[in-house]
Protein chains: 2
Amino acid sequence: MVRSNNKINKGTLFVISAPSGAGKTTLCLKLLKKNPDIKLSVSFTTRKPRSRETNNVDYTFVSKARFMKMIDKGEFAEWATVHGNLYGTSIKRLKELNSAGYDIILDIDTNGARQLKKRYENAIYIFILPPSFEVLKERLVDRRTDSGEVIARRLDNAKNEIACYKDYDYIVVNDRLDKAYRELESIVVASRLRISRIDPDKIKKTYKIK
Amino acid sequence: MVRSNNKINKGTLFVISAPSGAGKTTLCLKLLKKNPDIKLSVSFTTRKPRSRETNNVDYTFVSKARFMKMIDKGEFAEWATVHGNLYGTSIKRLKELNSAGYDIILDIDTNGARQLKKRYENAIYIFILPPSFEVLKERLVDRRTDSGEVIARRLDNAKNEIACYKDYDYIVVNDRLDKAYRELESIVVASRLRISRIDPDKIKKTYKIK
């Protein structure tokens, strides 16, 4: 069998987006911690690391020059400018994780998800929402790491992102973390039971059918 | 909005099949017990009730004459002959459960599932498998309610049913009941998060988007 170069076929690619403040990062980290067979595709970015962020764990932090060179070489499955910084997903990284048999989480914004959909049709697209606009606002203010101006810009952006919810296969509303986590995990568990993930030869052998 | 007469649109229709001895009934009963918002569509049948079976709970037991009349009137979404007995799903019953907003479980054989697929494209088709052919055989022998001849016929039938697994969306292997139940429930939970189940007006209102 010829394996297509760019396809994710040995595991499932989960593309997860959310307006900032929806709790996406917490949910994804919990999923990764509880499921060693799921790996995060670490994005490249030109933005400066925040305190507590680690290179090649949270992001791969690169210079703008390096990032532009990667664009020129066609090394990104998607890339985008968010709040003035560049973010991108390496095709090579996705291929490597897939070849190793992992399910992959891609934590990206709605623009990135739209680009990925053209290339990875069989991926599962999940959108995480806060329970309401008011709660989203509160969460962004409580974070206290960003200036008022940044918060206002994030809120504007959040509305635009939420308006893209129809591009996704599943919607998880994060009103209670444990409930939202259970829902996210159900999507992952169910995806592994899909007929596309079943090996026909194994079925034939196990049940003695032709 | 005009509601289509035959469509399941207010909940999800889960069509569940399995070779006999796979543990389908146990799994479905557990799902129903734990989820009061899921209802079983009780099939009509011409076969005699087994001990412990209750009319209109396990099946609606009817005469062959009555069943043939229902076929003539086009009252079945699917019907089939299994082991010499007639089994059928009432269109009216599905419509009533759907109108009341329930998710519906339809516990039927592979022939029935194939007929339903033509009418209910958006239903979710789940196939439950025993861990192996050997285990299936053991389970059918252990049951002791059937004669050797019946067991042999069921085993032949089981192979034919298993060969239809590709008609289904999801495969659940029932090697451990708790694991299989968790998987089945994940399919149900995930189905409720699908974009097709989301009300666009509610999203607009909750997040103040246009």
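Go through the range A:167-186 and count every residue that is over 14 Å from B:Val188 (Cα atoms), crowded, with 22+ Cβ neighbours inside 10 Å and not hydrophobic (A, V, I, L, M, F, W, C). Selection size over the range A:167-186: 2. Residues of the range B:111-122 that are modelled with pLDDT under 90 and surrounded by 22 or more Cβ atoms within 10 Å (Cβ to Cβ): B:Gly112 alone. Would you check if there is a residue in the range B:54-68 being more than 29 Å from B:Asp156 (Cβ to Cβ), touching a Leu at 6+ places or on another chain (Cβ under 9 Å), basic (Lys, Arg) and surrounded by 11 or more Cβ atoms within 10 Å (Cβ to Cβ)? Checked against the condition, which is being more than 29 Å from B:Asp156 (Cβ to Cβ), touching a Leu at 6+ places or on another chain (Cβ under 9 Å), basic (Lys, Arg) and surrounded by 11 or more Cβ atoms within 10 Å (Cβ to Cβ), the range B:54-68 yields no hits at all.
Kindly evaluate B:Glu96 against the criterion of being acidic (Asp, Glu), part of a helix (DSSP H, G or I) and at pLDDT below 95. Steps first, answer last, please.
Working: acidic (Asp, Glu): yes; part of a helix (DSSP H, G or I): yes; at pLDDT below 95: yes.
Spelling it out, B:Glu96 is indeed acidic (Asp, Glu), part of a helix (DSSP H, G or I) and at pLDDT below 95.
Taking residues in the range B:188-202 that are more than 18 Å from A:Asp167 (Cβ to Cβ), and partners anywhere that are part of a helix (DSSP H, G or I) and of a type in the set (Lys, Arg), the pairs with Cβ atoms closer than 8 Å and at least 6 places apart or on different chains are B:Val189/A:Arg182; B:Ser191/B:Arg197. Within the range B:37-48, residues that are among the aliphatic types (A, V, I, L, M) reach partners that are surrounded by fewer than 19 Cβ atoms within 10 Å (Cβ to Cβ) and in a loop (DSSP other than H, G, I, E, B) with beta carbons closer than 9 Å, at six or more positions or on different chains, in the pairs B:Leu40/B:Val57; B:Val42/B:Asn56; B:Val42/B:Val57; B:Val42/B:Asp58. At least 3 residues being of a type in the set (Lys, Arg), in contact with a His (Cβ under 7 Å, 6 or more places away or on another chain) and at the interface with another protein chain (Cβ under 8 Å from one of its Cβ atoms) is the threshold, and among the helices (runs of 4 or more DSSP H) wholly inside the range B:128-210 not one reaches it. Residues in the range B:107-151 that are β-branched (Val, Ile, Thr) and touching a strand residue (DSSP E or B) at 6+ places or on another chain (Cβ under 7 Å): B:Ile108, B:Thr110, B:Ile124, B:Ile126, B:Ile128.
Scan the range A:19-27 and give yes if some residue there is more than 25 Å from A:Arg139 (Cβ to Cβ) and at pLDDT 95 or above, otherwise no. Show your work before the answer.
Taking the range A:19-27 first, the residues more than 25 Å from A:Arg139 (Cβ to Cβ) are none.
Checked against the condition, which is being more than 25 Å from A:Arg139 (Cβ to Cβ) and at pLDDT 95 or above, the range A:19-27 yields no hits at all.
For the range B:78-98, filtered to residues that are in contact (Cβ under 8 Å) with a residue 12 or more places away in the chain and charged (D, E, K, R), the residue that is surrounded by the fewest Cβ atoms within 10 Å (Cβ to Cβ) is B:Lys92. Taking (1) in a loop (DSSP other than H, G, I, E, B); (2) at the interface with chain B (Cβ under 9 Å from one of its Cβ atoms) in turn, A:Asn122 satisfies each apart from (2).
The values are calculated or read from the model by the stated rules, or taken from the named source; none is laboratory data. Values in this document were obtained by computation on a predicted structure and should not be read as measured data. Here Cβ is always computed from backbone atoms with ideal geometry, including for glycine, and neighbour counts include all displayed protein chains.
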